[in-house]
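Q: Would you mind keeping the following structure in view while I ask a few things?
Nothing in this text is a laboratory measurement; each read-out follows from the coordinates by a stated rule. What you are looking at is a predicted structure, and each value in this text was computed from that prediction instead of being measured. Ideal geometry is used to build each Cβ from the backbone, glycine not excepted, and the neighbour counts take in all protein chains shown.
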Amino acid sequence: MTQPIVTDRLYLRRFAVSDAEACYCNWMSDPEVTHFLTWDVHPDVEHTRKVLTEWVREYSRGSLDWCITLRGEYVPIGSVTAVRQHPESGYCELGYCLAQDYWDKGYMTEAIRAVTGYIFTNTPYRRIQARHEIENEASGRCLEKSGFHEIGRFVRDNPKTGRPCMYRMMSVDRPSRF
């Protein structure tokens, strides 16, 4: 189901196993990028290759998973994924990450807006959700700039540390034009 998306500055496409080295070098091995994510840094490029092999396999099952690249360069710099899909309830939940060199340039906001539009145009989902740790204010700003609003806060154990962590759940509803 995942089709390429072109924006002013980005080209969002499917991942390929051949992206492993660039993904590993650009963000999957960076502890600053993975600090707020549910997974730890990849120990080596072979681990990244195995993860990408599974992601590529999931495309045939309808995954919504995009590799973020700069338009015209096509080198992986991040990802946006419907990490949880709940078609029976009419919503999905996004997860996203971006290589540190591309932070604070509006790229993630642009990618989230593009993926949100794609999902509302090409799927029956009526709502898209995303959550972020309260401490990760930049993530919250990306969601706000992408039209998401807060629907609640909750405490859950961090999957990496096991310590309680406050999360902010945000969502955006399908506009009537879709």
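Q: Mind ranking 107-116, 92-101 by how tightly packed they are, going by the mean number of other C-beta atoms within 10 angstrom, highest first? Numbers along the way, then the final one.
A: Values: 107-116: 21.6, 92-101: 18.9.
Averaged packing, sorted descending, gives the order 107-116, 92-101.
Q: Once the Cβ-Cβ distance between ARG153 and GLN100 is put in as r, and R0 is 30 Å, what FRET efficiency do you end up with, to the nearest 0.05? Write out the running numbers ahead of the final one.
A: Details: r = 27 Å, r/R0 = 0.89.
The formula returns an efficiency of 0.65 here.
Q: Pull out the extension gain between TYR74 and ARG9, defined as 0.36 nm times the separation in residues minus the alpha carbon to alpha carbon distance; nm, one decimal. Walk me through the numbers on the way to the answer.
A: Details: separation 65, 0.36 × 65 = 23.40 nm, distance 1.11 nm.
The TYR74-ARG9 span can extend by a further 22.3 nm.
Q: Distance between the C-alpha centers of segment 1-61 and segment 64-139? Whole Å please.
A: 13 Å
Q: When a footprinting reagent is the concern and you count Cβ atoms within 10 Å, what order do PHE148, PHE36, PHE120 take, fewest first?
A: Numbers: PHE148 23, PHE36 16, PHE120 19.
So the ranking, lowest neighbour count to highest, is PHE36, PHE120, PHE148.
Q: Can you pull the Rg over Rh of segment 29-178, Cα-only, Kirkwood? Before the final figure, lay out the partial values.
A: Numbers: Rg = 15.4 Å, Rh = 16.3 Å.
Rounded to two decimals, Rg/Rh equals 0.94.
Q: Per 5 Å bin, what percent of the C-alpha pairs of segment 1-62 does each bin hold, from zero upward?
A: 4, 17, 21, 22, 22, 13, 1
Q: Continuing with this model, one more query. Can you give me the long-range amide H partners of SER29? Hydrogens built in the peptide plane at 1.01 Å from N, cutoff under 5 Å, separation of 5 or more residues or another chain.
A: Correct list: HIS42.
Q: Same structure again: By a straight-distance test (C-alpha under 26 Å), which lysines pair with LYS145 as possible cross-link partners, with residues fewer than eight away in the same chain excluded?
A: Within the straight-line limit of under 26 Å, LYS145 reaches these lysines: LYS105.
Q: Could you list which residues have their amide H under 5 Å from that of CYS165, counting only those 5 or more apart in sequence or on another chain, with H placed in the peptide plane?
A: ARG156, ASP157, ASN158
Q: Fully extended, how many nm does the chain gain between THR109 and HIS86 (0.36 nm per residue separation, minus their Cα-Cα distance)?
A: Working: separation 23, 0.36 × 23 = 8.28 nm, distance 2.33 nm.
Result for the pair: 5.9 nm of gain on full extension.
Q: Here's something else I'd like to know. Select from the chain the helices, each a whole stretch of DSSP H, whose alpha-carbon atoms run 20 Å or more along the helix axis and whose Kyte-Doolittle mean is at least -1.0; answer none if there are none. Mind showing how you got there, number by number?
A: Numbers: long enough: 45-59 (21 Å, -0.92); 107-122 (22 Å, 0.31).
Long hydrophobic helices here: 45-59, 107-122.
Q: For the pair ASP40 and GLU58, how long in nm is the line joining their label points, each one 7 Å along Cα→Cβ?
A: 2.0 nm
Q: Right, next: Compute the relative contact order of the chain as a whole-number percentage, counting only Cα pairs closer than 8 Å that sit 6 or more residues apart in sequence.
A: Reported as a whole number, the value is 20 percent.
Q: Additional query: List, in order, the whole-Hz ³J(HN,Hα) value for each residue of segment 160-174 obtained from phi through the Karplus relation with A = 6.51, B = -1.76, C = 1.60 and θ = phi - 60°; use x for Gly and Pro.
A: Working through the residues one at a time gives 8, 9, x, 7, x, 9, 8, 10, 10, 8, 10, 8, 9, 9, 4 Hz.
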